[in-house]
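Following: one structure in structure tokens, then a few remarks.
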Amino acid sequence: MAQQFKFSKLGLPPLPSSSPDTVAALLWAREVLQKHQANVQGVRNPKGIDELKPIKIGGVDQWCHIRGRNRSNPILLYLHGGPGGAIIGGTLSASTRPWEDYFTLVFWDQRQCGKSYYPADDEDNPLTVNQLINDTCELIKHLRHKFSQEKIFVLGHSWGSVLGMHALKRYPDWIHAYIGVGQVVNTIEAERKILKRLLNHATDKNELNLIETLNDIIPYLDFSFPEREKSWIKYCDFARRELSRLAGETFMHHLFWDDALDLINLDNLISPQRTLTDLSNSIIGDEVAVARAPYLFTKEFLDVDLPNDIGSSFDVPIFFFTGSHDWHTPHPLSDSWFNNIDAPYKKLIHFDESCHAVVNEEPGKVLIALVNNVLPIAGSKPSER
């Protein structure tokens, strides 16, 4: 949920600092790979759309990549995780390409990350959760107007599920249905469950050093601001990496944590949508707000408790797409909340070979679920498209 995907973790051999020929060769190789990716990904249907440009949202330029093979198809807005896990040109590109037969997909890099990066001003204009919710609602309004569609679909992944849930609560008449993937419920309660799950695995495997470490760090969840926030930043990745090592229960079920991060970073590196400036910002730009002093955004993030914040009654159909092995955002929490949700229609779908990255790990099953269960809510059947 709060992965910090830095390009310093690419897992590639270091470049010789005194070899400009090597740097030039790698830049050439990157350009070749980018052209190949652009050719493979190209939308050639004259009815389609492939638009990459900034949109003025909340007073600042924020980038969207809009793709589909028929621009009259229903819109599906994909809200990325993190906070700060930019999505444009990332590892989802291949997995979601077949969706473009049925939806017009909108990928948006939220403010201060990815292609929407700009330097932070925490003193005079700090980032807030409410600002990102307002951005989400403004973007939905823009898309409805741009495509002359009364309603759109909203998919919230991980952190994006917080934004998506708030948006559908505010403007239910704008949304066909909501799909929560790796649904967030209560951030601190999730961290408690993650650490308890890890401690159980460590005990079963008699990993004494890990047990000792966990007994030392578990109390931080009850610290007051800002020590709780500082400790969470310090231990968040550690707990998930260890849970991945011991049980394959965090980001991807069949891929170790660091290998998954390398995969994501490499896809970003060779993406035709990412410029060298974008990559440079990822390396030397400001840390994402959730990991940055003075930790006010971190506090807001850790205080998220959706059942308390927005209730459990909604006027929009609700779908949860949940990895059966997802302890990155622990599935017992979202399963339990789902049972208490009141909505015109709701459906919980488990993906048995997935953790948190359901769309990457079981892309075919996700597409089938979208087409057979979600798409008909827009009033059309797959055979009609």
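Restricting the stretch 313-340 to residues that are out of contact with any Phe, Trp or Tyr (no Cβ under 7 Å at 6 or more places or on another chain) and part of a loop (DSSP other than H, G, I, E, B), which is surrounded by the most Cβ atoms within 10 Å (Cβ to Cβ)?
THR329
Return the pair list, or none, for Cβ contacts closer than 6 Å from residues in the stretch 198-226 that are in contact (Cβ under 8 Å) with a residue 40 or more places away in the chain to residues that are surrounded by 15 or more Cβ atoms within 10 Å (Cβ to Cβ) and part of a helix (DSSP H, G or I), at least 6 apart or on different chains.
Qualifying pairs under 6 Å: LEU198/ALA239; LEU198/GLU242; LEU198/LEU243; HIS201/LEU246; HIS201/ALA247; ALA202/LEU210; ALA202/ILE211; PHE225/LYS299.
Looking at the stretch 57-71, which of the residues that are in contact with a strand residue (DSSP E or B) (Cβ under 8 Å, 6 or more places away or on another chain) and not hydrophobic (A, V, I, L, M, F, W, C) is farthest from PHE107 (Cα to Cα)? Explain how you work it out, then say what you get.
Step one: of the stretch 57-71, the residues in contact with a strand residue (DSSP E or B) (Cβ under 8 Å, 6 or more places away or on another chain) are 61-68, 70-71.
Of the ones still in play, those that are also not hydrophobic (A, V, I, L, M, F, W, C) are 61-62, 65, 67-68, 70-71.
Details: ASP61: 14, GLN62: 11, HIS65: 5, ARG67: 8, GLY68: 11, ASN70: 16, ARG71: 15 Å.
My answer is ASN70.
Give the residues of the stretch 39-95 that are among the basic types (Lys, Arg) and within 21 Å of the chain's Cα centre (by Cα), sorted by residue number.
We begin by selecting, within the stretch 39-95, every residue among the basic types (Lys, Arg); these are 44, 47, 53, 56, 67, 69, 71.
Within the stretch 39-95, LYS53, ARG67 qualify.
For residues in the stretch 103-118 being among the hydrophobic types (A, V, I, L, M, F, W, C) and in a loop (DSSP other than H, G, I, E, B), which is farthest from SER161 (Cα to Cα)?
Going through the stretch 103-118, the residues among the hydrophobic types (A, V, I, L, M, F, W, C) turn out to be 103, 105-108, 113.
Subsequent filtering for residues that are in a loop (DSSP other than H, G, I, E, B) retains 103, 113.
Values: PHE103: 19, CYS113: 17 Å.
My answer is PHE103.
If you take the residues in the stretch 26-62 that are among the basic types (Lys, Arg) and surrounded by 11 or more Cβ atoms within 10 Å (Cβ to Cβ), which one is modelled with the highest pLDDT?
Taking the stretch 26-62 first, the residues among the basic types (Lys, Arg) are 30, 35, 44, 47, 53, 56.
Still in the list and also surrounded by 11 or more Cβ atoms within 10 Å (Cβ to Cβ): 30, 35, 47.
Values: ARG30: 79, LYS35: 78, LYS47: 92.
It comes out as LYS47.
Could you check the stretch 279-299 and list, in sequence order, the residues that are within 18 Å of the chain's Cα centre (by Cα) and outside any loop (DSSP other than H, G, I, E, B)?
From the stretch 279-299, those within 18 Å of the chain's Cα centre (by Cα) are 282, 287-291, 297-298; that's our starting set.
Result: SER282, ALA289, VAL290, ALA291, PHE297, THR298.
Please identify the pairs in which a residue from the stretch 230-255 that is under 10 Å from HIS328 (Cα atoms) and assigned to a loop (DSSP other than H, G, I, E, B) has its Cβ atom under 9 Å from the Cβ atom of a residue that is modelled with pLDDT under 95 and of a type in the set (D, E, K, R), counting only partners at least 6 apart or on another chain.
Pairs found: MET252/ASP259.
Quick one: count up the residues across the stretch 116-135 that are among the charged types (D, E, K, R) and touching a Gly at 6+ places or on another chain (Cβ under 8 Å). Spell out the reasoning first.
Filtering the stretch 116-135 for residues among the charged types (D, E, K, R) gives 121-124, 135.
Next, only the ones that are touching a Gly at 6+ places or on another chain (Cβ under 8 Å) stay: 135.
Total meeting the criteria: 1.
Need pairs with beta-carbon distance below 8 Å; first residue in a helix (DSSP H, G or I) and within the stretch 85-102, second surrounded by fewer than 22 Cβ atoms within 10 Å (Cβ to Cβ) and of a type in the set (Gly, Ala, Ser); sequence gap 6+ or separate chains.
If the second residue must be surrounded by fewer than 22 Cβ atoms within 10 Å (Cβ to Cβ) and of a type in the set (Gly, Ala, Ser), the pairs left are GLU100/GLY48.
The values are calculated or read from the model by the stated rules, or taken from the named source; none is laboratory data. Because the structure is predicted, anything quoted here is derived from the model rather than measured. Every residue, glycine among them, receives a Cβ derived from its backbone with ideal geometry; neighbour counts consider all protein chains shown.
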